[in-house]
Amino acid sequence: MSHWNTQIPVNVMRQQGLGNYSQQRKHFQDISNHDNNCCRDVKIDLGLSLEENGFFQGLKQMYQMLKHSPPVVSKLENFLNTSTNPYILFLKLLFNCPDFYSIKSKSLPMFLIEEFRRFAHKYRSNISSLLTPELKVDAFKIVVKQNTQSVIKLIVEVFEMAVDREAFLSSIHCLISKKQYKEACQYSALLGLQNEFSIDDFLVPLVVQDKLRNVDDFLHSSPKHQTELVQFLDSVLSNASVRDTMGEYIENRGIPEVKYDKIHVKPWKRLVTRMVKMFKVSSDLTPNLNEKRNEGALKFLLHKRFIDNSFGNESWKEMAQEAVTDNANLQRELVIGVAQYGEVAEALRWAHFYNVDKKEWPYSVQMFEENKLSDSLTPLLSNDHWDESAGTKTTDYHSYPLSLDTINLVDTPIAFEVLLSSGLEDVEVVGIDCEWKPSFGGQPSELALMQIATHRGVFIIDIVVLGPAAPHLWQELGKHLFNNSDILKLGFGLSSDIHMIRQALPNLNFDTKQLGFLDLCSLWKHMDKYPKLRLPFEVKKGGPSLSGLVQQCLGKSLDKSEQFSNWEKRPLRESQVYYAALDSYCLLEVYDVLKTCFETADCPFDDICYSLIQHDGSLKKKPKKNPHRRKPEEPILQPPSPHLLPVQAHEVKFVCDTMLQGLGKNLRSCGIDTAILESQQEHKDCVKYAMDERRYILTRKGTFKMLNGYVPAGHCLNVVSEHKDEQLQEVLNYYKITVTKEHVFSRCMICNSNNFAKIQKNTMLTLYDKTAAPKYGPSNSEDEDDDFTGVSCDEGYDNDDCFGYSQASSHLTPKVSYSNNKKWELDSKIDVNLRLTRLGARIQFDSLPLSVINNYEFFYVCEECGKVYYDGSHLERVLRGRLQGIVQ
């Protein structure tokens with residue numbers, strides 16, 4: 001009986017003037033506004049009384065032996081029920097655990113927490129009034145003495161601390177004042193106090209301490225702080241020096257443990273970018289990040305233009321304008337950068353194009369304009385003469401081998417239908433490539449073109465014009481090409497292309513695995529395993545690139561001057577269309593050359609390609625060996641059997657875990673009382689059966705380790721074998737079980753009952769006549785009998801000798817008669833009209849054909865489930881088969 005006196009705390013509160021909830025909160029706020037030692041000020045006496053200490057010592061000993069088992073749970077619950085305030089008793093028990101400061105998952109403190117959580121939920125209506133704000137604060141101060149976050153989270157939930165969240169403000173401010181930013185951040189998030197704190201309280205300090213995981217956890221539940229923190233971090237990028245700006249901030253606030261190696265422009269930019277992506281913050285809120293990105297993009301473009309000479313004139317102009325946008329600082333940097341590379345005339349053109357203030361021009365540009373060249377300068381400023389010298393091609397590049405009329409631009413639904421109807425007809429191999437505009441700001445790139453090359457020509461699908469507006473056409477393309485494993489799909493660096501395709505065209509709905517995607521880059525790298533392989537024009541320079549592979553296979557490299565283009569601008573230039581077509585068609589040419597090289601070197605080309613396709617077309621690096629890798633688990637040691645002498649099959653009982661259901665049926669066929677867990681049941685249900693019904697537990701592997709501690713040694717067996725017949729022999733040997741012929745098939749295979757009724761043929765015919773005839777037709781074949789035993793051929797009851805049941809069976813040990821001359825009394829309590837057994841189970845006679853009923857004089861009906869069995873030849877076959885050597 002519970003001894004909770006819920007009126008006592010109320011009386012105490014009334015004596016203190018705390019008659020209602022608002023008064024309680026005001027009182028708590030008054031008593032919690034004290035000095036910085038608030039986190040250590042606990043008003044509960046955590047010492048155990050003599051009675052409590054005696055119980056606690058007994059509980060520890062019991063837990064060491066039985067772990068988290070029903071007897072231990074019952075002992076704890078009974079003692080909690082005797083307490084005037086179970087919450088205080090729980091805190092005292094928890095705090096006095098030896099391993100309170102290092103709580104682990106399977107320890108006494110965690111057992112106390114889990115069980116008190118269940119207890120508090122079960123009796124909440126009776127004990128909720130005992131949970132005062134003062135008690136919640138004390139509980140909080142006690143639990144934060146250890147640093148296991150999951151434990152703190154459970155205590156916050158059990159003590160319903162979020163209901164009185166304001167009561168904990170002073171505790172968290174105390175943590176902040178002590179520079180414990182991590183704890184303050186964690187606890188404020190747990191208690192739902194995000195709106196009570198600014199980013200300066202602990203978020204920015206945690207950022208400079210490089211404790212971003214705590215910041216992320218806090219921000220996930222506070223969109224307001226997401227925006228504020230991103231804007232603050234972005235504002236730092238507007239200063240000349242990130243280190244100096246944040247150094248002053250850190251010094252003013254006295255922040256300790258700062259990771260100064262992270263306080264520089266590059267890592268700061270990466271940090272802002274990471275948060276923008278993680279929390280989907282608009283790039284409009286990060287103008288300084290955008291400018292820094294564009295500065296980097298401009299430097300990259302200048303290098304490609306004037307050092308690599310890999311930019312076409314139009315592409316250069318497009319991407320330079322894309323990088324500088326309308327930012328006056330970047331426009332000025334463009335003029336300065338071009339002039340620094342010695343292109344003074346072009347720098348002057350950009351200065352006029354953007355109306356850059358002459359005072360900000362480089363000295364060389366100013367001098368160039370001041371010279372008496374005004375007559376010759378005018379034509380140089382026109383678009384027709386925009387640095388023609390830079391566009392002169394001096395390299396002989398690989399060219400498109402087919403006529404230009406085989407390049408088809410698919411930018412209308414009609415052209416799309418032509419591609420679907422005839423473009424992919426009789427095609428076995430295609431090359432796939434994609435183009436998109438480089439993104440220098442916060443906005444992600446979007447797919448602009450997708451090229452599909454066959455040996456007859458190239459189809460360039462304009463994603464910008466068509467878009468995903470015609471889902472049925474994209475679905476047809478997915479069906480005919482992307483989901484068609486009969487067509488080999490080639491690419492180079494396929495992962496990025498596939499990512500863009502999936503993002504832009506969800507209606508294609510395809511999976512690269514098992515559907516014939518081959519990355520030629522992976523195939524090229526795979527050649528290193530075959531030293532005899534040589535490409536026709538092998539050149540050892542640079543990293544893996546499509547242009548490099550084309551040069552080694554076809555003798556000439558690709559012209560990549562259009563690669564960095566504004567692929568979203570319409571109409572496309574002819575040079576862009578030509579580049580896109582060649583970029584996809586060259587995949588087919590390279591594939592043919594590689595195939596020839598492999599076959600010439602007598603290497604299994606098809607097998608290698610198939611292997612790469614099966615592995616998603618990518619060669620993964622082997623992980624480095626970890627010297628701290630966990631050692632293989634040691635073999636499970638089984639204690640000695642609890643039986644010193646042999647026991648009869650009817651004298652033992654088992655419960656089989658979900659993974660041993662087949663073994664459970666085999667044990668039942670031997671007449672052994674066996675409970676079998678259903679698939680949806682939990683492993684720990686075995687313990688309940690073991691405790692309540694005195695059963696031995698049969699389980700395997702890791703589950704054995706979990707369940708073995710709940711029961712005495714030898715009462716849980718780790719079954720090693722994988723085969724159910726070998727498992728049966730393993731169990732019988734370990735527990736020294738003797739199985740006789742009288743035991744075999746003495747239990748119902750369906751429900752485990754050994755309570756049967758013996759029914760005459762006339763009664764079965766009466767039952768049969770009272771219902772519709774079964775679907776089986778009459779049969780005169782005696783061999784047919786075994787097919788209708790009511791169970792499968794390896795589970796049935798087929799011999800009269802094996803049915804010797806006691807109608808009154810004990811709960812613990814069933815009484816079984818083993819006399820072969822056992823006389824069955826005809827059961828007169830069968831309800832023929834309702835077709836029910838004495839225990840109310842429906843007699844399942846409709847599974848028997850009439851021919852079987854006519855061939856046998858007696859039938860045996862399970863009282864528990866109504867299953868019908870009869871004599872047959874199956875018993876002898878089983879005795880000579882899988883039970884040979886087992887039955888004595």
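What order, most packed first, do the peptides 571-580, 86-95 have when packing is the mean number of other Cβ atoms within 10 Å of each residue? Before the final figure, lay out the partial values.
Numbers: 571-580: 18.5, 86-95: 21.6.
Descending packing order for the listed peptides: 86-95, 571-580.
Strictly greater than 22 Å: what percent of every Cα pair in the range 73-163 meets that?
19 percent
With a 10 Å radius around each residue's Cβ, average the other Cβ atoms per peptide and rank 661-671, 357-367, highest first.
661-671, 357-367
May I ask you to compute the full-extension gain from Lys358 to Gln681, defined as 0.36 nm times their residue separation minus their alpha-carbon distance, rounded to one decimal in nm?
108.1 nm
Of the listed pairs Lys211/Lys262; Lys758/Lys867; Lys489/Lys532; Lys67/Lys92; Lys60/Lys106, which have alpha-carbon separations greater than 18 Å here?
On the way: Lys211/Lys262 11 Å; Lys758/Lys867 12 Å; Lys489/Lys532 27 Å; Lys67/Lys92 20 Å; Lys60/Lys106 13 Å.
Among Lys211/Lys262; Lys758/Lys867; Lys489/Lys532; Lys67/Lys92; Lys60/Lys106, the Cα-Cα distance tops 18 Å for Lys489/Lys532; Lys67/Lys92.
Can you compute the FRET efficiency between Glu166 and Val42 using 1/(1 + (r/R0)^6), with r the Cβ-Cβ distance and R0 = 25 Å? Round to the nearest 0.05. Walk me through the intermediate numbers first.
Working: r = 20 Å, r/R0 = 0.78.
E between Glu166 and Val42, to the nearest 0.05, is 0.80.
Sorted by mean Cβ packing within 10 Å, highest first, what order do the peptides 709-720, 72-83 take?
Ranked by mean Cβ neighbours within 10 Å, highest first: 709-720, 72-83.
For the pair Ser102 and Lys736, how long in nm is the line joining their label points, each one 7 Å along Cα→Cβ?
4.3 nm
If R₀ is 51 angstrom, what is the calculated FRET efficiency for the pair Lys145 and Ser641, using the beta carbon separation as r and rounding to 0.05? Kindly include the intermediate steps, with their values, before the conclusion.
On the way: r = 47 Å, r/R0 = 0.91.
Computed FRET efficiency for Lys145 and Ser641: 0.65.
Could you sort His352, His723 by their accessible area in this structure, using a 1.4 Å probe and putting the largest first?
Greatest to least solvent exposure: His723, His352.
Please give the Cα centre distance for the range 466-503 versus the range 267-345, rounded to the nearest Å.
Comparing the Cα centres of the range 466-503 and the range 267-345, I get a distance of 32 Å.
Note the full-extension length gain between Glu257 and Ser421 as 0.36 nm times their separation in residues minus their Cα-Cα distance, in nm to one decimal.
Additional length available on full extension: 52.4 nm.
Could you work out how far apart the two model spin labels at Arg270 and Arg694 are, taking each label as a point 7 Å from the Cα in the direction of the beta carbon, and quote it in nm?
Taking the simple label geometry, Arg270 and Arg694 are separated by 6.7 nm.
Taking 0.36 nm per residue of separation and subtracting the Cα-Cα distance, what length does fully extending Asp284 through Asn126 add?
51.5 nm
Apply 1/(1 + (r/R0)^6) to the Cβ-Cβ distance of Gln648 and Glu77, taking R0 = 60 Å, and write down the FRET efficiency to the nearest 0.05.
0.95
Sticking with the crude label model, points 7 Å out along Cα→Cβ, report the distance from Arg117 to Ser575 in nm, one decimal please.
Distance between the two pseudo-spin positions: 6.6 nm.
Tell me, what are the semi-axes, in whole angstrom and largest first, of the equivalent ellipsoid of the range 113-226 as set by the roots of 5 times the Cα gyration tensor eigenvalues?
In descending order, the three semi-axes are 27, 14, 13 Å.
With N set to the residue count of the range 170-243, report its C-alpha Rg divided by 2.2 N^0.38 Å to two decimal places.
1.09
The values are calculated or read from the model by the stated rules, or taken from the named source; none is laboratory data. Note that the structure is a prediction, hence the values are computed from the model and not measured. Glycine gets a Cβ as well: all are built from the backbone with ideal geometry, and neighbour counts include every protein chain shown. Calculation scope for accessible area: heavy atoms of the full protein, side chains included, ligands and nucleic acids excluded. Shrake-Rupley method; radii C 1.70, N 1.55, O 1.52, S 1.80 Å.
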